[in-house]
Amino acid sequence: AGPWTRDPGHFYVNLSYQYMSTRRIYGADFSAQDLGATYTQHQANFYGEVGMIQRWLTATIEATAFRHNELVGQGYTQGMGDMRFGFWTGLVERPFRLTAAFLAGLPSGDPKPSAGPLADPEATLIANSLPTGDGETDFEGRLSFGYSFGKSRRWPLEHYVVAEAGYWLRTKGFFDAFTYKAELGTKLPFRFVERFWLIFRFFGQESFVTAQESPASFSGSGLGNGVTFNAYGVELAGRIAAGLGFNIGVDGAFRARLVPATPNLKVGLSYQF
């Protein structure tokens, strides 16, 4: 919901699955480089939000319930990933929405998986390079702007726009980062088709690490120090019946550092009341 906070007692939950597979990674110099092996990633994610105080407080939780990282033919790691709690408060309601958020990340994943007590050094190195979490507690302050328009006699299409910016405070030696998102959703007014939103996103994060300080090694998708990316996203979200819905989409970075160089496919089911 972003800038649109929930009414007290109302909630939204989403269960999603994400998949990527590639032989390339964006290196420290932002160029796509060969990994020497195929990297695959499976994620099962949970997101939920609930209204607590009218306008002033909506609470959110997002968690990687399960993450499987694999270098095909070399080894894999799997387990629970990190989670994040958020608190959103509405600053402005009309003529647009402006909401402030405080987000806290908890290190429920494993930042340095083990290959076992009898593993050789190479197996240990591979396991360490495939974390399921970042191993740190972190905090982010964010502002979220929202505006909806259309659905009139002269312009029957319905739209919403969202613009967000945040400062991500990292710990345990990680460099802080600037985060952002711009999103446009469009819905057609025709029967049955009006169940669907077509959504376009531009989003990313800019780590404050310098080129000289940036790590050169692969350390998992989005979990390493110095991770930077500019990405696009296209998604179709639809209503099945009552509060039940679904979403399907793809995200992909076009400029990045220390993340796999491949699109990320995702599908999900949601329910709201």
Exposed-loop-free span, longest in the chain, where trypsin sites (Lys or Arg not before Pro) count as exposed if DSSP calls them loop and at most 13 other C-beta atoms lie within 10 Å: 1-150
Karplus-derived HN-Hα couplings along region 55-63 (A = 6.51, B = -1.76, C = 1.60, θ = phi - 60°), whole Hz, x at Gly and Pro: 6, 8, 8, 10, 9, 10, 9, 9, 8
Computed lengthening from residue 35 to residue 149, 0.36 nm per intervening residue step minus Cα-Cα distance: 36.5 nm
Residues with amide H under 5 Å from that of residue 205, placed H, sequence gap 5 or more: 229
Mean separation of Cα contacts under 8 Å, 6 or more apart, over the residue count of region 30-144: relative contact order %: 22
log10 of Debye I(q)/I(0), alpha-carbon scatterers only, for region 116-196 at 0.18 Å⁻¹: -0.86
Efficiency of FRET between residue 91 and residue 112 - r from beta-carbon atoms, R0 45 angstrom, step 0.05: 0.65
Rg and Dmax of region 1-131, Cα atoms only, in Å: 19.6, 63
Distance histogram for the chain (every C-alpha pair counted, 10 angstrom bins, percent rounded to whole numbers): 7, 25, 36, 21, 9, 2, 0, 0
Solvent exposure of the chain as accessible area per residue, Å², 1.4 Å probe: 51
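The values are calculated or read from the model by the stated rules, or taken from the named source; none is laboratory data. Everything numeric here is computed off the predicted structure, so don't read it as measured data. As a convention, Cβ positions derive from the backbone with ideal geometry for all residues, glycine included, and neighbour counts pool all protein chains shown. With ligands, DNA and RNA removed, areas are computed over all heavy atoms of the protein, side chains included. Shrake-Rupley method; radii C 1.70, N 1.55, O 1.52, S 1.80 Å.
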